Amino acid sequence: MKENYCLQAALVCLSMLYHSQAVALERRNHLRPSFHGHHEKGKEGQVLQRSKRGWVWNQFFVIEEYTGPDPVLVGRLHSDIDSGDGNIKYILSGEGAGTIFVIDDKSGNIHATKTLDREERAQYTLMAQAVDRDTNRPLEPPSEFIVKVQDINDNPPEFLHETYHANVPERSNVGTSVIQVTASDADDPTYGNSAKLVYSILEGQPYFSVEAQTGIIRTALPNMDREAKEEYHVVIQAKDMGGHMGGLSGTTKVTITLTDVNDNPPKFPQSVYQMSVSEAAVPGEEVGRVKAKDPDIGENGLVTYNIVDGDGIELFEITTDYETQEGVVKLKKPVDFETKRAYSLKVEAANVHIDPKFISNGPFKDTVTVKIAVEDADEPPMFLAPSYIHEVQENAAAGTVVGRVHAKDPDAANSPIRYSIDRHTDLDRFFTINPEDGFIKTTKPLDREETAWLNISVFAAEIHNRHQEAKVPVAIRILDVNDNAPKFAAPYEGFICESDQTKPLSNQPIVTVSADDQDDTANGPRFIFSLPPEIIHNPNFTVRDNRDNTAGVYARRGGFSRQKQDFYLLPIVISDGGIPPMSSTNTLTIKVCGCDVNGALLSCNAEAYILNAGLSTGALIAILACIVILLVIVVLFVTLRRQKKEPLIVFEEEDVRENIITYDDEGGGEEDTEAFDIATLQNPDGINGFIPRKDIKPEYQYMPRPGLRPAPNSVDVDDFINTRIQEADNDPTAPPYDSIQIYGYEGRGSVAGSLSSLESATTDSDLDYDYLQNWGPRFKKLADLYGSKDTFDDDS
């Protein structure tokens, strides 16, 4: 309440002050300086005359936010020609004329009728004019003047934002700039201290301070630690009137967050970690985890782990899990419980990113001891070697020892071992193994020429636990023995030209031969070629060893003739260089051929002389062509004869006795001339005489009995059919089979109607079928079906 009274007293004082100023302005506006006869002299002596001004007033002012009961007097207008008799009328126009500002047309007094706000509008431009009251004739030209709104302190300062957010690194020095806040005041900055602002901090001491004139917030304490407190709330005040008593103020909130710096080293929470690993663990398997705590965040809290010392540095490794910031200890190499049961490691944790500003705080790393115990496990047997290579000679007798494999149980129990061969690698069962001592033996003689190497696999399993087994590859090399004699490398054949005895012998070989041996190179070359001892002095040919595993065959004489002997068989002995050596006799065929003068072969056939004495090649071709033409003619003739062959029995068109005719549609009744007539059963040839047989010659002519010919229009069907059967049975010239006529086509509109049972059962007919009873026992079924229809209808 006391503050309100003070404020009211201040407003009263201000009102009185503004009222006194208004009175002074009014008096000042009533001054009428005279400009008549006023002259000014120019620089060069020229006299300048100023024209007389008809209006007398100064610039007008009006106070804003005036709330008094009467309108505020702004000022008074007066013209020099106004003598006070009321003949002059003052007119006001322009901004706010008639609404905000009104004028007394007699006295020229201007009043403000509404409360003005300088923040809405700072000044108004008006136009004044004096006219004759009766005629409205302008007495003076219009003149413009300005009414300015005088400011009072009625607007408090306002910040651009209600709240601000800022960041500053932790442990920043005192005076580090954090953020600048800015407030604005709508009052007139050119009038008084209404818009002069001063900043101060209301909340946030002693951590931060603010500059009074600029609004810059700065740190006020050193070594602020984010890990202790991360966020601060600061309240800043802006006050006008230069911060003096009675000034208006506004506030804003600033949230300041301390950002992290790497000012904390990683620390292990304990000095020793205990871990264990099974000796059956494979490399890469995780053993355990360690974690050093770093209160920093982000990249400042990243930690990497390394093994720096320990007796297990070669067997273990550590990696960093960057998601959990843990060090993962893994097995690098297999461990053996029987060899060593415990290991010790020294693990170091260090920051990845180090800030040089805080390097003086000490080393940003920490170490811890990790003790790893090896646990015993039931391990499979271990072979003394990762693989074995043994040798055995080919053709060795079954049961020959090839070699031995040896395995042992690495566990302390040292269980006995049993051996076996993986039969998938020894499908032919060439080998067997002693299950107790691991000796491998052959089961049959082996041939190196078939397979030089044999690869098998041997299993070793504990006798008490068959699931614990190991596997080792065994390669067996079959050693060569000289068991294959050399032979020709190819089926060689030589050729020699006919010549007379006087022609000199050629130094060129007839043919050059080489040898091939299936044995190894140690038992193969060098090959030795020679003739058998019994024909060492062969008069026709000789063999010369070239000492390069080849030999040349040469002729010892000339005068070879095909007529005497067209080919020669020359045996050649080939021996290898093995121990003991092996040899074989190979036969070379040498043909005698006819050659031209240059020695080129023409023919090696002995019949060539005979053919030349007889027919030439052209004659032989002509003879063969004639034979082929004759064969073609014969084939065409036989084909044509087969196509023209007549059947054994020729039927005439009228003879339908032996045809089976089927009609599957129904004709047009008696009007259908193409329908088959029952009279067709009566053979016209049988009526006039005998039935001709074209396939045989009849022995005598049969004359049918006249009494057996039924009349064509007979209605006794039973007699007609019996007569037809007797005629066929008694006719020796007729075929030995009956004729069958099938009538499936019946005409519509026939007087006799249809005999078909397919349509009769579904149609209503007025015909009387009782006459079927007179046709005999063969039509009894039809008579029973259709003859009793009326009786059935009557009964129903």
Whole-Hz Karplus ³J(HN,Hα) for region 772-782, in order, using 6.51 cos²θ - 1.76 cosθ + 1.60 and θ = phi - 60°, x for Gly and Pro? 5, 5, 8, 8, x, x, 6, 9, 5, 5, 5
Kindly provide the trypsin sites (Lys or Arg not before Pro) of region 66-128 that DSSP labels as loop, not H, G, I, E or B, and whose Cβ sees at most 16 other Cβ atoms within 10 Å. K106, K114, R121
Over region 272-375, relative contact order from alpha-carbon pairs under 8 Å, at least 6 apart, %: 38
With a cut-off of 8 Å between alpha carbons and a minimum separation of six or more residues, what is the relative contact order of region 59-150 in percent? 36
Quick one: Karplus J couplings for region 543-551, per residue in order, coefficients 6.51, -1.76, 1.60, θ = phi - 60°, nearest Hz, x for Gly and Pro? 10, 10, 6, 7, 6, 10, 6, 9, 8
Provide the gained length on full extension for the span E162 to T589, in nm with one decimal, where the gain is 0.36 nm per separating residue minus the Cα-Cα distance. 141.7 nm
Around G204, which amide H atoms from residues at least 5 apart in sequence, or from another chain, sit under 5 Å from its own amide H, with H modelled in the peptide plane? V235
If amide H atoms are built 1.01 Å from N in the plane of the peptide, which residues on other chains or at least 5 residues away come under 5 Å of the amide H of Q150? V62, I63, E64
In nm, the gap between the two label points placed 7 Å beyond Cα toward Cβ at L569 and S603 is 2.6
Karplus-derived 3J(HN,Hα), 6.51/-1.76/1.60, for each residue of region 237-246, Hz, glycine and proline x: 10, 10, 10, 8, 6, x, x, 7, 4, x
Report for region 158-259 the percent antiparallel among DSSP-assigned beta bridges with both residues inside it, nearest 5. 75
Mean Cβ count within 10 Å, highest first, over the residues of peptides 477-487, 537-547: 477-487, 537-547
Compute the length gained on full extension between S457 and D516: take 0.36 nm times their separation in residues and subtract their Cα-Cα distance, giving the result in nm to one decimal. 17.8 nm
Packing-wise, with mean Cβ within 10 Å as the measure, how do 413-419, 345-351, 557-563 rank, highest first? 345-351, 413-419, 557-563
Mean-position separation - Cα centroids, region 255-318 and region 396-417, in angstrom: 47
Based on the alpha-carbon gyration tensor of region 61-180 and its eigenvalue square roots a ≥ b ≥ c, which shape applies: rounded if a/c is under 1.5, prolate if not and a/b is larger than b/c, or oblate? prolate
The set of residues whose placed amide H lies less than 5 Å from the amide H of V287, leaving out same-chain residues fewer than 5 positions away, is V329, K330, L331
In whole angstrom, how far apart do the alpha carbon centroids of region 197-244 and region 451-500 sit? 96
Using r as the Cβ-Cβ distance of L785 and L640, and R0 as 41 Å, what FRET efficiency do you calculate, to the nearest 0.05? 0.10
1/(1 + (r/R0)^6) with r = Cβ-Cβ of M382 and N306, R0 = 35 Å, i.e. FRET efficiency to nearest 0.05, evaluates to 0.60
Label D483 and T214 with points 7 Å out from Cα along Cα→Cβ: what is the distance between them in nm? 10.7
Report the extension gain between V628 and I81 in nm, rounded to one decimal, defined as 0.36 nm multiplied by the number of residues separating them, less their alpha carbon distance. 181.0 nm
How much accessible surface area, in Å² rounded to 10, belongs to the heavy atoms of F383 with a 1.4 Å probe? 30
Over all Cα pairs of region 382-479, the Kirkwood radius sets Rh, and Rg/Rh then becomes 1.00
Could you sort the peptides 724-731, 368-375 by per-residue average Cβ neighbour count (10 Å cutoff), highest mean leading? 368-375, 724-731
Relative contact order (percent) for region 338-422, with alpha-carbon contacts under 8 angstrom and 6 or more residues of separation? 28
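The values are calculated or read from the model by the stated rules, or taken from the named source; none is laboratory data. Bear in mind the structure is a predicted one, so any value in this text is a computation, not a measurement. Cβ coordinates were reconstructed from backbone atoms using ideal geometry, including for glycine residues, and neighbour counts include every protein chain displayed. Each accessible area value is taken on the protein alone, full model and side chains, heavy atoms only, with ligands, DNA and RNA left out. Shrake-Rupley method; radii C 1.70, N 1.55, O 1.52, S 1.80 Å.
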